[in-house]
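Take a look at the structure below.
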Amino acid sequence: MREREGAALHRRVPALSADPGGLAVVVLVTLLLVSRLWRLASHGGTGVLGWLTTSLICAFYAMIVWCYLRRGRAVATSPSAMAHLAAVTATMIPFIFALLPGQRPGTGQQLAADVLLAAGTAWAVWSLVFLGRNLSILAQARGVANRGPYRWVRHPLYTGELVSALGVALTVGSAAAMAVWLALCGLQIYRAAREEQLLLRALPEYRDYRRRTAALLPGIF
């Protein structure tokens, strides 16, 4: 038993150690997770939604680390520098909201923002559960995820991120925040399109999955 466990660990760790980008993601997200856990332990949130959202964000970061630690090598990686730039930029944009000037939202606006943030983050966590070892920031092909939310949309993780980011933009409550959110929408759509070009070439079964499944919103897009 110990020999089998050791062999399994040996197969996983070299894959991560040979992937500097993946290792960097694990380190960065672990730091973000520790920061959020400290905030949750020290201050919690404002009301039930505040606690729920902070807990969901912690779960989101923890799932990213878990997926990266377990993932295997990619079957194919996009050669497009623009695709990689869009992916990294889209990943980092949500952190810009905290730097934007804003105004205190009204009670209704804040409630809508909190609900969007909690719902979007919960959906993203659920997506990560089923994306599993296929997770990657860059456009890479590992396998076709078609269970959980992937039964209805091909990129549910991006859908969840856009919904939660809209909640953050409403909290900031400025035109600049909405402009950043719209830019994020454009980047995620472009990112998804470039990923699909790679998946169609590398994974033959993806063509049928793409034909019968919406991209981001069931029955709409």
- prompt: So what are the ³J(HN,Hα) numbers for segment 179-191, from phi and the Karplus equation (6.51, -1.76, 1.60; θ = phi - 60°), rounded to whole Hz, Gly and Pro as x?
  reply: 5, 5, 5, 5, 5, 5, 4, x, 5, 5, 5, 4, 4
message: Check which residues have an amide H placed less than 5 Å from ALA214's amide H, if you skip close sequence neighbours.
response: ARG154, GLY219
field: Cα-projected label distance for ALA175 with ARG201, points at 7 Å along beta-carbon direction, nm
entry: 4.2 nm
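Counting other C-beta atoms within 10 Å, which of THR107, THR77, THR159 has the fewest, and how do the rest follow? Write out the running numbers ahead of the final one.
Details: THR107 7, THR77 16, THR159 25.
Listed from fewest to most nearby Cβ atoms, that is THR107, THR77, THR159.
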- line: Going from the fewest other Cβ atoms within 10 Å to the most, one would list HIS84, HIS155 as HIS84, HIS155
- request: Quick one: check the C-alpha center-to-center distance for segment 100-154 versus segment 60-99, whole angstrom.
  value: 13 Å
statement: Most exposed first, judged by fewest Cβ atoms within 10 angstrom, PHE60, PHE97 run PHE97, PHE60
- request: Calculate one ³J(HN,Hα) per residue across segment 169-178 by plugging θ = phi - 60° into the Karplus curve 6.51 cos²θ - 1.76 cosθ + 1.60, and present them in order as whole Hz with x for glycine and proline.
  value: 4, 5, 5, 5, x, 9, 5, 4, 5, 5
statement: For segment 103-221, the charge dipole (Cβ of Lys, Arg +1; Cβ of Asp, Glu -1; about the Cα centre) points to a positive end, and the Cα of LEU170, PRO218, THR159 closest to that extreme belongs to PRO218
- prompt: Once the other residues with Cβ under 15 Å from the Cβ of THR213 are scored (Lys, Arg +1; Asp, Glu -1), what is the net sum?
  reply: +3
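How about segment 107-176: which trypsin sites (Lys or Arg not before Pro) there are in a DSSP loop, with at most 15 other Cβ atoms within 10 Å of their Cβ? Intermediate values should be presented prior to the final figure.
Values: sites: ARG133, ARG142, ARG147, ARG151, ARG154; in loops: ARG142, ARG147, ARG154.
Within segment 107-176, the qualifying trypsin sites (Lys or Arg not before Pro) (loop, at most 15 other Cβ atoms within 10 Å) are ARG147.
Given the convex hull over the Cα atoms of segment 58-100, what projected area results after averaging over all orientations, in nm²? Write down the numbers at each step before the final one.
Values: hull surface 17.4 nm².
Orientation-averaged projected area of the Cα hull: 4.3 nm².
Excluding VAL75 itself, what net charge comes from residues whose Cβ is under 11 Å from its Cβ, given Lys and Arg +1 and Asp and Glu -1? Intermediate values should be presented prior to the final figure.
Working: positive: ARG73, ARG142, ARG201; negative: none.
Net of charged neighbours comes to +3.
Here, each number is a calculation from the coordinates, and none is a lab measurement. Here the structure is a predicted model, which means the values were calculated and not measured. Because the Cβ atoms are built from the backbone with ideal geometry, glycine has one as well, and the counts that use them run over all protein chains shown.
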